[in-house]
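First the structure, in the form of structure tokens, and then the observations on it.
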Amino acid sequence: MYLNYLHWVEKSIYIYKKLIPPCGVYVLDVKNKWDVIIVGAGPAGSAAGYMLAKKGFNVLILERGRQPGYKELFGGRVYAEPLREIYGNDLEKAPIHRWVKREKLSFVDGSKLVSIEYQSDTSTSFTTYLPQLARWMADKAGEAGALLVEEVTVDRIIYKDGKVIGVGSGSDEVYADLVIDAEGVNRLLLEGLGLVVKLQPEQVAVGAKETIKLGEDKINERFGLNKEEGMAWLLMGGITDYIPGGAFIYTNKDSVSIGLVLHLGHAIKEVKDHISQMVEKLRLHPQLRNLWIDGDIMEYGGHLTPEAGPAMMPKKLALNGFLITGDAGGLLLNVGYTIRGVDFAAYTGYLAAKAAIEAHDKGGFTEQNLKAYESMLKNSFVYKDLTRLTGMQDLYNDPGMFKALPKLAVGTAANVFEIDLETPGVWNSFNKARRNAGLGLLSLAWKGYRLMKKM
Ligand SMILES: Cc1cc2nc3c(=O)[nH]c(=O)nc-3n(C[C@H](O)[C@H](O)[C@H](O)COP(=O)(O)OP(=O)(O)OC[C@H]3O[C@@H](n4cnc5c(N)ncnc54)[C@H](O)[C@@H]3O)c2cc1C
């Protein structure tokens, strides 16, 4: 009954917004005080909204996109376990395309590549389209009782007398006992509050992606997959013109997502082509193009992603009446062989909700009570991973890694396998490639040691 009412309210707001521009936070006409307002219906916001609404809080989620997921972009793979902790068995009903049972990592130099492949009959992650997953997660929050209002851009957090009391959009304001910021990486609201400085190029990577429709059977055949089995494939080296970052290929149900992630600090200085041309080069790479040669490009897009881990976390994640989750908090892990954004965002949204519930039981959403969120986070796998696996940052600061290592791997393989008359030994092939890549034995050992230790 309540749900129906909420849907009716949402429909009325939608019609009202269409009839009477300019749009703002029209919920003011229905109700302008909520228990919790969440900014952003991405994985972080929707997970928090779901947990809090399930506990009986009046939750309003404000999303600037026409639908959840419309303003988001990701590569393609999500780790399931953190989401299972939030949604239990309901996760099986999520828009899961394929369970990843093949992992591939390739070093690319020119037209050649060397790959390491892992095959398994079990899986802990799945591929999906983020707009579909974000819609599903927002609907779960809606079913639990949260009200989602789309096409509303929050342009400020209202801070008064030492606490956050609501949000504003244009001339409209709406109030809550608690505001959760789940606005994603482009955290303009946090900047407005003075909690973070403007994003620095060294803190983020820029991603660009294409989705190519191919058909289920062709994907299975060309990637060697059984029905519902997926592949996650990451590539580094020449595929990004040796700029720190990498390329990705994920198999969805009947399409393939391909794209690049480039560390922005380096990309600004080193990119020669437009990033869309770099994605085109990936699509046309001689060793890859036959995989999707007769496919149709369905969509393309670009987005930033946080890369600096704890170094870009706001000093505080909890203030009086305020919590920060997901990418907005810099809570994403990229270790080169995998990227964990969606599951980290959802899990931190879930922790924020748990902390909010505890704070409420203790008497209110004061900073003191909400601080439990920071300790929950510090004790969780998210923060532990972020502080432990800092190798990518080191790698970025040692761009030689993105050139020398792929050249070494591909060069060694070329020397070993491309035989003219004499059959080369592996050690000689390796040494020849190492010299060509400009790597001394000692510096290589040091790089390898650091890499292994940090990752
Ligand atoms: C190229 C690329 C590849 C990636 N690949 C992967 C991958 O394979 N696996 C993985 O797990 N992660 C991946 N990620 C990271 C992942 O997409 C993010 O970590 C995740 O989406 C973060 O979730 P979030 O809810 O914190 O933020 P977002 O998903 O960015 O959601 C924020 C939401 O807030 C809304 N919003 C923002 N500002 C406002 C405002 N002022 N008012 C109202 N609404 C607002 C936005 O429209 C958006 O819907 C990738 C990212 C990129 C860029």
Give me the angle, in degrees from 0 to 90, between the Cα long axis of helix 342-362 and the longest principal axis of the Cα atoms of the chain, rounded to the nearest 10. 30 degrees
Once both axes come from the Cα atoms, what is the angle between helix 426-436 and the longest principal axis of the chain, in degrees from 0 to 90, rounded to 10? 70 degrees
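Can you list which of the trypsin sites (Lys or Arg not before Pro) found in the range 168-223 are DSSP loop residues with at most 16 other C-beta atoms within 10 Å?
Working: sites: 187, 198, 209, 213, 218, 222; in loops: 187, 198.
Answer by residue number: 198.
Would you please put 176-183, 295-302 in order of how densely packed they are, using the mean number of other Cβ atoms within 10 angstrom per residue and starting with the highest? Let's see the in-between values first.
Numbers: 176-183: 27.5, 295-302: 14.6.
The peptides rank, most packed first, as 176-183, 295-302.
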Counting sequence-distant residues (5 or more places) and residues on other chains, those with an amide H built under 5 Å from that of residue 196 are 191
How many angstrom lie between the Cα centre of the range 173-202 and the Cα centre of the range 250-287? 29 Å
Rounded to 5, the percent of DSSP beta bridges in the chain classed as antiparallel: 70 percent
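Loop only per DSSP, at most 10 neighbouring Cβ atoms within 10 Å: give me the trypsin sites (Lys or Arg not before Pro) in the range 33-92, ordered by residue number.
Working: sites: 33, 54, 55, 64, 66, 71, 77, 84; in loops: 55, 64, 66, 71.
Taking the range 33-92 and a limit of 10 other Cβ atoms within 10 Å, the loop trypsin sites (Lys or Arg not before Pro) found are 66.
Could you work out the helix-only [θ] at 222 nm for the chain, with each DSSP H run of four or more residues adding -39,500 (n - 2.57) and the total divided by the number of residues, to the nearest 500 deg cm²/dmol?
Numbers: 16 runs with 173 residues, N = 455.
So the calculated ellipticity at 222 nm is -11500 deg cm²/dmol.
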Give me D for the chain in µm² s⁻¹, whole number, from Stokes-Einstein with Rh from the Kirkwood sum over alpha-carbon pairs, 25 °C and 0.890 mPa s. 105 µm²/s
Sorting check: for 85-94, 101-110, which peptide has the highest mean count of neighbouring beta carbons within 10 Å, and how do the rest follow? 101-110, 85-94
Just the projected area, averaged over all directions, of the convex hull on the alpha carbon atoms of the range 226-356: how many nm²? 10.5 nm²
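How large is the charge dipole for the range 328-455, taken about the Cα centre, if only the Cβ atoms of Lys, Arg (+1) and Asp, Glu (-1) carry charge, to the nearest 20 debye? Please list the in-between numbers first.
Numbers: 16 positive and 11 negative charges, 75 e Å.
About 360 debye.
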To make sure I understand the rule: partners must be lysines, Cα under 20 Å from the Cα of residue 432, and not fewer than 8 residues away in the same chain. Which ones qualify? 112, 403, 407, 447
Rounded tilt (10° steps) of 130-144 against the dominant C-alpha axis of the chain: 30 degrees
Kirkwood-based Rg to Rh ratio, the range 398-454, C-alpha trace: 1.03
Under 10 Å from the Cβ of residue 372, count the other residues' Cβ atoms, weight Lys and Arg +1, Asp and Glu -1, and hand me the total. +1
Picking from 366, 201, 404, whose Cα lies most toward the positive end of the charge dipole for the chain (charges on Cβ: Lys, Arg +1; Asp, Glu -1)? 404
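The numbers here are math on the coordinates, done by the rules we state, and not lab data. Since the model is a prediction, treat every value here as computed from it, not as a measurement. For neighbour counting, all protein chains shown are included, and Cβ atoms are generated from backbone atoms with ideal geometry for every residue, glycine included.
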